[in-house]
Amino acid sequence: MKKPVMIFRLFLLICAAALFSAPDLMAETNGRQPEFRTFDELNGKRISMLTGAPFEKMILGKVKEVESFSYFNNMPDMLLAIKAGKTDAGLSNNAIASLSVNRNPELMILPENLQNSMFGIAFAKGDPQLADWQSAYDRIPEETKQAMWEKWTGADESLKKMPPQDWPGKNGTIRAAVCDTLEPLSYTGEGGEILGFDAEMILLLARELDVHVEFEGMELSGVLASVQSGRAQIGAGSIIVSPERREAVDFLEYWPAAFVLVVRASQGDGSGGFVSAVISSFEKTFLRENRWKMFLEGIGKTLLITVLSILFGTALGFSVYLVCRAGNPAANAATRFVVWLIQGMPGVVLLMILYHVVFGKAAVSGTTVSVIGFSLIFGCAVYGMIHSGVAAVDAGQTEAAYALGYSDRRTFFRVIWPQALPHIIPFYKGEITALIKMTAVVGYIAVQDLTRTGDLIRSRTYEAFFPLIAVAVLYYVLAAVLIFVVNRLEFLADPRRRSPEKILKGVKTHD
């Protein structure tokens, strides 16, 4: 009966998502005018911005009364919130706003600009390399920079390709942390390659300096942190220079930027077909640029992290329990402290500490850091499960095993452990389900897992329905497959399937 219930729940989820997404798909596009035309009209409204964009004071200098500020990790989520009416305006720069409006007839730019500034490439405070990069930038003709800008902000997608790194690279390789969801400045294209105006500008400068560039895509909020920690030598991706950001890093200013507010368009007289909109959304999500392959890659990365974390975490938790079972006071005290520390910390915080602090300057990939972090989390859970499961076995079982001549080791593995497993397995399966869902946060440390894949596709399509539903269904399938495997192991490990001869193997008995 469990499978029909699960399928019914999944059906309800899809129906609910379709209900809330339908207005976006049926939005009218003709006769567009901005819903708000002046800053005064935004008084008392909700305004949003990306996490890590400290521009509240700038907005309050123009809009005197803001009902509330809200923050989003990426531009697609913010634009979807504007379209859905969850917020009234979103702060953006001139490049992203123009592209967003061109792709979304339901959105427009507020006619009044907030402020003019500059886009910048971030360097660590006092980095002597900045002077060399500035000199390289000054040598590039203005016509070349302008042509690049028109290429990436234009409508011709066939032109949007990155130049190959075909120079010798005699001066080594640098690591560049870039936001990978902010088209047209920096974003992930087909095949996982970083594209955009910012990325090509970095390559243009790298050619002048004869260095190669290794791009690492991540959330915007992690770019400056990577530069500050030394994990990346430079950071870019729609970073607008501000006094507050100058306190944290130094900048190479490379292109004029303007702060604007994206708002909803007023509804016109046109009408859109729901069925055609759904078909178009499906095509953009799965078929265009073979984006279904990105989902497959995301599934593989999520499954890899989950399976390795389960294996290493199980081995870690079991090994630590065996050490603590011997009664060593120091080992027990250290274990209790570590379990308390890790279980009391949100998973995403643990990952970011490992990524930006513990392994900040080490060449350790985000995937490896994820496996380490989740192995620690799962290992702590396994330790607790084993401790509780063994405690549930009657103490008389141990005494009886000793009376039969069992050693302490055989008593545990032949008598206690098989009886403890039925108490442990149900919680073990629950932890696996929780773990696979917990891996959804690895995008914060530049890992393109299943959730991150959905975010990247939404950043290209500005569609919520199919990317989110696809991710939800795929997580459900992955969890079901892993639980099926554990159920088979539970069946094989059932102590009731063992014969008395196998239980008493190696024990001397008297007829």
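The values are calculated or read from the model by the stated rules, or taken from the named source; none is laboratory data. Keep in mind that what you see is a predicted model, and the values were worked out from it rather than measured. Here the Cβ is made from the backbone with ideal geometry for all residues, glycine too, and neighbour counts use every protein chain on show.
The residue list Asn113, Asn102 contains one member that is modelled with pLDDT under 90, more than 26 Å from the chain's Cα centre (by Cα) and part of a helix (DSSP H, G or I), which is Asn102. Among the residues of the range 359-373, those identified as more than 17 Å from Asp449 (Cα to Cα) and either touching a Lys or Arg at 6+ places or on another chain (Cβ under 7 Å) or modelled with pLDDT of 90 or more (or both) are Gly360, Lys361. Do we find a residue being touching a helix residue (DSSP H, G or I) at 6+ places or on another chain (Cβ under 6 Å) and without any contact (Cβ under 8 Å) to a residue 60 or more places away in the chain anywhere in the range 219-231? So far as the range 219-231 goes, no, none of its residues is touching a helix residue (DSSP H, G or I) at 6+ places or on another chain (Cβ under 6 Å) and without any contact (Cβ under 8 Å) to a residue 60 or more places away in the chain. Taken as a whole, the range 410-418 holds no residue that is assigned to a helix (DSSP H, G or I) and under 30 Å from Val349 (Cβ atoms). Condition check for Ile342 on (1) surrounded by fewer than 18 Cβ atoms within 10 Å (Cβ to Cβ); (2) over 23 Å from the mean Cα position of the chain (by Cα); (3) closer than 16 Å to Tyr383 by Cα: one failure, at (2). For the range 233-260, how many residues meet the condition of being within 24 Å of the chain's Cα centre (by Cα) and more than 18 Å from Thr51 (Cβ to Cβ)? The total comes to 2. The helices (runs of 4 or more DSSP H) located wholly in the range 290-375 that include 3 or more residues which are in contact (Cβ under 8 Å) with a residue 12 or more places away in the chain, within 30 Å of Gly217 (Cα to Cα) and in the same structural domain as Thr433 (by TED's automatic domain parsing) occupy 292-325, 347-353. Considering (1) more than 30 Å from Pro34 (Cα to Cα); (2) outside any strand (DSSP E or B); (3) at pLDDT 90 or above, the lone condition that Asp250 does not fulfil carries the number (2). Glu431 satisfies every condition listed in (1) within 25 Å of Arg291 (Cα to Cα); (2) acidic (Asp, Glu); (3) at pLDDT 80 or above except (1).
Looking for whichever is free of Cβ contacts under 8 Å to residues at least 60 places away in the same chain and under 30 Å from Met218 (Cα atoms) here; the options are Ala434, Ala391. Which one fits?
Working: Ala391 fails: under 30 Å from Met218 (Cα atoms).
Testing whether each residue is free of Cβ contacts under 8 Å to residues at least 60 places away in the same chain and under 30 Å from Met218 (Cα atoms) leaves just Ala434.
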